[in-house]
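Below you'll find the structure, written out as structure tokens, and then a few comments.
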């Protein structure tokens, strides 16, 4: 089944549905969850390829949920961050095949772990911003460099949005827009790098089904319930997955 054992496929199918649900409820964390779980049962390059199309298609929906005009305004408002993400994502995408597995796991797991623990500790994840353009450029460069290698470029954007005090609905929309444009760039970059190829595209496409199903269920939760408690449990899950990735990195570092 797509070159995987049945248990592998159905496990990542279920993980993708859950990740879509989380994304629908809080607006981010889908690639974090997918990459963390996939890395436990798939080769790193297959894990990266598998998440690309689900992330791309669900971000189209999230970005356009309030309509094209609102999405276009978000592009204008955060154009510097978006531009840096796209440029540096392309620059770093070619390095994904060259990075050792242990280092890849560490690059994924440690930032996830630090981000989640910091949030769970009740610390304000904000930076003093005196020059918005500089902050957008800096966070965009970091996100792009990290995203091309791992498929994850969201945490720097979340830090930026929290630091700017962006309203909840706009924050979710901006995340969708930036993630969409980054996902489009990542798709092109890894079609060029060879990670997204004739063997991995069918698997990635198949995972769009559970991703959309989970996301629609998550939207229903976001519209009806308080997201704070759910986000807290999501962060607890991210701590667990971050620890798992850090554990997998240890043999290559010791």
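The values are calculated or read from the model by the stated rules, or taken from the named source; none is laboratory data. Since we're looking at a predicted model, the values are computed, not measured. Cβ coordinates were reconstructed from backbone atoms using ideal geometry, including for glycine residues, and neighbour counts include every protein chain displayed.
Remark: pairs (first residue in the stretch 191-208, farther than 18 Å from residue 95 by Cβ; second residue modelled with pLDDT under 95 and surrounded by fewer than 18 Cβ atoms within 10 Å (Cβ to Cβ); Cβ separation under 6 Å; 6+ apart in sequence or on different chains) = 202/2; 203/2.
Evaluate the following for residue 138: is it within 13 Å of the chain's Cα centre (by Cα) and either surrounded by fewer than 20 Cβ atoms within 10 Å (Cβ to Cβ) or within 24 Å of residue 25 (Cβ to Cβ) (or both)? No, not satisfied. Against the conditions (1) surrounded by fewer than 17 Cβ atoms within 10 Å (Cβ to Cβ); (2) closer than 22 Å to residue 209 by Cβ, residue 102 satisfies every one except (2). Could you tell me whether the stretch 175-182 includes any residue that is within 23 Å of residue 242 (Cβ to Cβ), in a helix (DSSP H, G or I), out of contact with any helix residue (DSSP H, G or I) (no Cβ under 9 Å at 6 or more places or on another chain) and at pLDDT below 85? Checked against the condition, which is being within 23 Å of residue 242 (Cβ to Cβ), in a helix (DSSP H, G or I), out of contact with any helix residue (DSSP H, G or I) (no Cβ under 9 Å at 6 or more places or on another chain) and at pLDDT below 85, the stretch 175-182 yields no hits at all.
Considering the conditions (1) at pLDDT 75 or above; (2) farther than 18 Å from residue 195 by Cα; (3) touching a helix residue (DSSP H, G or I) at 6+ places or on another chain (Cβ under 7 Å), residue 148 is excluded by exactly one of them, (2). A residue that is at pLDDT below 90 and either under 24 Å from residue 160 (Cα atoms) or under 15 Å from the mean Cα position of the chain (by Cα) (or both) occurs nowhere in the stretch 191-212.
With respect to the conditions (1) modelled with pLDDT under 80; (2) under 17 Å from the mean Cα position of the chain (by Cα); (3) surrounded by fewer than 15 Cβ atoms within 10 Å (Cβ to Cβ), residue 108 falls short on a single one, namely (3). Does at least one position in the stretch 120-134 carry a residue that is surrounded by 21 or more Cβ atoms within 10 Å (Cβ to Cβ), modelled with pLDDT under 75 and in contact with a helix residue (DSSP H, G or I) (Cβ under 9 Å, 6 or more places away or on another chain)? Checked the stretch 120-134: no residue is surrounded by 21 or more Cβ atoms within 10 Å (Cβ to Cβ), modelled with pLDDT under 75 and in contact with a helix residue (DSSP H, G or I) (Cβ under 9 Å, 6 or more places away or on another chain). Applying the criterion of being within 26 Å of residue 164 (Cα to Cα) and touching a helix residue (DSSP H, G or I) at 6+ places or on another chain (Cβ under 6 Å) to the residues of the stretch 213-224, the residue that is modelled with the lowest pLDDT is 222.
Scanning the stretch 22-56 for residues that are part of a helix (DSSP H, G or I) and surrounded by fewer than 19 Cβ atoms within 10 Å (Cβ to Cβ), we see that the one that is modelled with the lowest pLDDT is 40.
Would it be correct to say that residue 157 is under 14 Å from the mean Cα position of the chain (by Cα), buried (at least 17 other Cβ atoms within 10 Å of the Cβ) and at pLDDT below 80?
It is false that residue 157 is under 14 Å from the mean Cα position of the chain (by Cα), buried (at least 17 other Cβ atoms within 10 Å of the Cβ) and at pLDDT below 80.
Checking the condition within 26 Å of residue 232 (Cα to Cα) and either touching a helix residue (DSSP H, G or I) at 6+ places or on another chain (Cβ under 8 Å) or without any contact (Cβ under 8 Å) to a residue 40 or more places away in the chain (or both), which residue from 85, 55 passes?
Selected residue: 55, the only one of 85, 55 that is within 26 Å of residue 232 (Cα to Cα) and either touching a helix residue (DSSP H, G or I) at 6+ places or on another chain (Cβ under 8 Å) or without any contact (Cβ under 8 Å) to a residue 40 or more places away in the chain (or both).
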